[in-house]
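Notes follow the structure.
The values are calculated or read from the model by the stated rules, or taken from the named source; none is laboratory data. Please read all numbers here as calculations on a predicted model, not as lab measurements. Note that we place each Cβ from the backbone using ideal geometry, even for glycine, and neighbour counts take in every protein chain shown. To get the accessible areas, we keep the full protein, side chains included, count just its heavy atoms, and leave off ligands, DNA and RNA. Shrake-Rupley method; radii C 1.70, N 1.55, O 1.52, S 1.80 Å.
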Amino acid sequence: MGLYQHHIPVDLILFADTGAEQPHTYQFIRRMNGWLSARGMPQITVVEKVDRQGHRLTLETECLRSGTLPSIAYGYKRCSQKHKIGPQEKFCNHHPGCWEVWQSGGKVTRFIGYDAGEIKRYEHSRKFNEADKKFKNRYPLIEEWGWSRDDCIRAIQAAGLPQPGKSSCFFCPSMKQPEILYLKEHYPGLYQRAIALEKTAMPNLVSVKGLGRNFAWQERFGKE
């Protein structure tokens with residue numbers, strides 16, 4: 001929305017789908033595509049993680065096959081790297097527009113949406129910019145417009161769109177208790193899938209007790 005307001009052209013809008021987003025995220029993407037289409041902007045391109053045979057590999061399937069929890073439960077962020085960052089980079093590596101820029105000796109401009117309140121994430125990201133030979137990161141919310149989270153909310157409201165809600169997998173170990181209880185009440189089928197994933201990983205857990213890290217969802221919130 002900010003790019004549209006400031007007349008900054010956009011060639012690609014990517015969304016990396018782990019296959020486990022909550023329903024409100026998928027609903028918002030459909031609403032957002034309508035907003036984009038009405039303004040002559042490109043539709044959101046959904047990218048996904050695939051295995052070596054080229055088959056779709058969701059984060060849920062990966063955890064069930066390996067009998068593990070998402071890596072963030074153990075203090076790592078491999079799930080974001082493998083199912084978010086990786087698929088987007090792979091898509092760009094095969095995109096003709098990106099190749100045209102690289103072959104001419106240039107860098108593809110990549111917009112990073114850290115808001116003005118995320119200075120630590122912003123500073124951490126900037127450390128790797130100069131060494132990146134393919135991409136030039138641009139942080140308009142911080143560097144150009146000074147938009148805080150509240151400013152972003154107001155921009156969404158002014159555009160006539162609902163708030164997108166928090167984007168996370170329905171079995172994310174970072175979910176807070178109210179979010180887990182909301183999931184259980186409103187999306188019991190997804191909650192049951194989260195419990196099944198946790199149960200499959202239980203025999204292999206040593207340093208953590210479950211999806212809550214120091215507790216199991218099933219023990220604290222019940223299976224039903």
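Key figures
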{"item": "Exposure of GLU100 as accessible area (Å², to 10), given a probe of 1.4 Å and all protein chains", "result": "130"}
{"item": "Radius of gyration and maximum dimension Dmax of region 1-51, Cα, Å", "result": "12.4, 39"}
{"item": "Karplus (6.51, -1.76, 1.60) ³J(HN,Hα), θ = phi - 60°, over region 57-72, in Hz, Gly and Pro reported as x", "result": "10, 7, 5, 4, 4, 4, 5, 5, 5, 8, x, 10, 8, x, 4, 5"}
{"item": "Tail weight of P(r) past 24 Å, computed on alpha-carbon pairs of region 1-102, percent", "result": "36"}
{"item": "Three principal axis lengths of region 104-163 [C-alpha, angstrom, descending]", "result": "40, 27, 17"}
{"item": "Separation in nanometres of the label points that stand 7 Å from Cα toward Cβ, at ARG78 and ARG65", "result": "1.3"}
{"item": "Separation of the TRP102 and LYS127 label points, Cα + 7 Å toward Cβ, nm", "result": "2.5"}
{"item": "Computed over region 147-224, Cα set: Rg, Dmax in Å", "result": "16.0, 50"}
{"item": "Where the chain is the region considered: accessible area per residue in Å², 1.4 Å probe", "result": "60"}
{"item": "Portion, in percent, of the accessible area of region 1-148 that falls on carbon or sulfur, probe 1.4 Å", "result": "52"}
{"item": "Residue-averaged 222 nm ellipticity for the chain, from DSSP H runs of 4+ at -39500 (n - 2.57), nearest 500", "result": "-11500 deg cm²/dmol"}
{"item": "ASP11-GLN157 pseudo-label distance in nm [points 7 Å out on the Cα-to-Cβ vector]", "result": "3.6"}
{"item": "Alpha-carbon Rg/Rh ratio, for region 35-84, with Rh computed the Kirkwood way", "result": "1.17"}
{"item": "Correct option for mean projected area of the Cα convex hull in nm² [calculated from the coordinates] among (1) 14.2; (2) 12.3; (3) 13.4", "result": "(1)"}
{"item": "Loop-located trypsin sites (Lys or Arg not before Pro) in region 1-61, at most 13 other Cβ atoms within 10 Å (DSSP)", "result": "ARG39, ARG52"}
{"item": "When each of LYS84/LYS199; LYS77/LYS209; LYS176/LYS209; LYS184/LYS223; LYS49/LYS77 is checked by Cα-Cα distance, pairs over 21 Å", "result": "LYS84/LYS199"}
